[in-house]
Amino acid sequence: MGQVKINTWDLVGAYPVCGACGSSKVRRDAWAEWNMATREWELQNIFDDFCCDNCGLAGLPERKVDEEFRRKRIRRLNDALRHGQVKHGAIVITAGPQAKDEAFLGQATRAIAAIDMFSEDNDPHGEHDFGALDLEGEKLVWITSTAA
């Protein structure tokens, strides 16, 4: 069986379902090992074989996406980035704001983190990923791009 390339981003909010009957009772072969110290089974390896518990079909399942879960996950990640609560994230500042002093950049960062007035009008996808504000007579536009 050949490898199927799956973009991790496409898996946010996705779950496996049987391609034949649509059931979410999809099983996957795995190997577990008994841990003498914890007295519990521990997952050691997951294999390529899948099977539907409902109809018995063997093979790769399809993926359905829970859009609401996906939207909430992206929103949480974007909010965490704006609030400086991520371990692995990058902030890119364009040349205009970079030309300002540190005090301006600090004020801009705090102002963006403080934004909490998202609505259907200014956040139609509900992801808290874009905004604009006026600061010291300057119009600042910010955007986040989350790769979950």
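Annotations
- Label assignment, P(r) over Cα pairs in 5 Å bins from 0, in percent derived from the structure, set (i) 2, 8, 12, 13, 12, 10, 10, 9, 7, 6, 6, 3, 1, 0; (ii) 2, 7, 10, 13, 16, 16, 15, 12, 7, 2, 1, 0; (iii) 2, 8, 15, 15, 15, 14, 13, 10, 5, 2, 0, 0: (i)
- Residues Leu57, Leu77 in ascending order of nearby Cβ atoms (within 10 Å, fewest first): Leu57, Leu77.
- For the pair Leu135 and Ala103, the difference between a 0.36 nm per residue extended length and the Cα-Cα distance amounts to 10.3 nm.
- Here the extension length gained between Ala113 and Arg76 equals 12.0 nm, from 0.36 nm per residue of separation less the Cα-Cα distance.
- The lysines within cross-link reach of Lys25, meaning a Cα-to-Cα straight distance under 26 Å and a gap of 8 or more places when in the same chain, are Lys5, Lys64, Lys72.
- Proximal lysines to Lys100, defined as alpha-carbon separation beneath 20 angstrom and excluding residues fewer than eight positions away on the same chain: Lys139
- The residues packed around Lys100, meaning those with a beta-carbon under 10 Å from its beta-carbon, carry a net charge of -4 if Lys and Arg are +1 and Asp and Glu are -1.
- With pairing defined as another cysteine C-beta under 4.7 Å, the cysteines of the chain that fail it are Cys51.
- Förster radius 35 Å - calculated FRET efficiency between Ala58 and Met36 (Cβ-Cβ, nearest 0.05): 0.55
- With θ taken as phi - 60° and the Karplus curve 6.51 cos²θ - 1.76 cosθ + 1.60 applied, the whole-hertz 3J(HN,Hα) list for segment 124-139 is x, 8, x, 10, 6, 10, 7, x, 9, 8, 9, 9, 6, x, 9, 8 Hz, x standing for glycine and proline.
- Sequence-separation-based contact order of segment 8-65, relative, with Cα cut under 8 Å and 6+ spacing, percent: 40
- Annotation: peptides 119-128, 132-141, ranked by per-residue average of other Cβ atoms within 10 Å with the highest first, follow the order 119-128, 132-141.
- FRET efficiency estimate (nearest 0.05) - Cβ-Cβ, Asp123 to Asn45, R0 25 angstrom: 0.05
- Calculated [θ] (222 nm, deg cm²/dmol) that DSSP helices of n ≥ 4 give over the chain, each run adding -39,500 (n - 2.57): -6500 deg cm²/dmol
The numbers here are math on the coordinates, done by the rules we state, and not lab data. Quantities reported herein were computed from a predicted structural model and do not represent experimental measurements. Neighbour counts are summed over all protein chains in view; Cβ atoms, including those assigned to glycine, are modelled from backbone coordinates with ideal geometry.
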